[in-house]
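Quick notes on the structure that follows.
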Amino acid sequence: MLKKLIILIFALFLLMNAVSSIDSSNWTKASVGYEEFKIPPQYENPYKSDFHMYQFGEDIDEFTIRYVNPNIMELYGYFLEHNSYIKKVEVSGHDAIHFMTYDRHDETNNSKLWFSAGEEFYYITWRGNNITPEIEEIVKSASKSNYTHDEFYKVLNDEFQNYKIVDAIESQRYDYPSNNKGHSSFVSFGSNGINFGVIT
């Protein structure tokens with residue numbers, strides 16, 4: 001009896017893997033950033049496709065793959081502040097963060113998945129609250145991350161800390177009335193840290 005039960009469980013496991021596996025051999029590909037991603041058939045013929053983004057529909061939340069390295073700080077900080085669900089996950093061997101929020105206008109749940117490939121960071125957006133087999137296959141088509149588990153989350157945490165600093169400086173700028181004497185302040189963020197001052 002125990003032997004039959006083990007065989008049955010093993011057969012169910014094989015069946016579940018067969019059902020969840022996807023044949024992506026005939027999917028088209030799109031270059032975003034420094035990666036070539038497989039694109040599921042339902043998201044072919046994009047509204048916009050360039051170095052920075054593959055956007056399927058006019059609404060960016062419908063389906064998008066975005067290269068985010070030039071704007072990690074602003075985008076990641078914004079996502080942390082404007083998404084109700086945030087969870088660390090692993091998807092197709094990649095450390096990732098799954099964001100989800102409810103869009104009252106469209107009455108849909110929208111997901112975003114942040115991950116890295118090589119040295120670069122990307123995110124995917126789609127309708128729904130689950131990481132689907134299609135999304136897993138897209139992430140799988142990217143290069144492996146060059147970051148360890150701890151390094152991946154440290155990069156994003158550091159960017160969020162920088163976001164909070166810049167946001168605090170920016171909000172202080174607007175808390176004081178302008179004397180309108182031709183002076184303007186600035187905040188910049190670069191490889192040498194955060195700089196701010198007054199331009200006359």
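Values in this text are rule-based calculations from the coordinates and carry no lab data. As the structure is a prediction and not an experimental result, all values here were calculated from the model. Don't worry about glycine lacking a Cβ; one is built from the backbone with ideal geometry, like all the others, and counts go over all protein chains shown.
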For this session: Report the Stokes-Einstein translational diffusion coefficient (µm² s⁻¹, integer) for segment 31-138, Rh taken as the Kirkwood radius over Cα pairs, at 10 °C with viscosity 1.306 mPa s.
Result: 113
Exercise. All other residues with a Cβ under 14 Å from the Cβ of E159 taken together, and with Lys, Arg as +1 and Asp, Glu as -1, what is their net charge?
Worked result: -4
For this session: Quickly rank 101-109, 53-61, 74-82, 148-156 as a protection proxy: mean count of other C-beta atoms within 10 Å, highest first.
Result: 53-61, 74-82, 148-156, 101-109
Problem set entry | Size of charge dipole - segment 33-180 - debye, nearest 20, with Cβ of Lys, Arg +1 and Asp, Glu -1, no other charges | 200
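What is the sum of charges, Lys and Arg at +1 and Asp and Glu at -1, for the other residues whose Cβ falls under 10 Å from the Cβ of S143? Working shown, then result.
Details: positive: K144; negative: E35, E36, E119, E120.
It works out to a net charge of -3.
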Exercise. Rounded, prolate or oblate: which fits segment 82-177, taking a ≥ b ≥ c as square roots of the Cα gyration tensor eigenvalues, rounded meaning a/c under 1.5, else prolate when a/b beats b/c?
Worked result: oblate
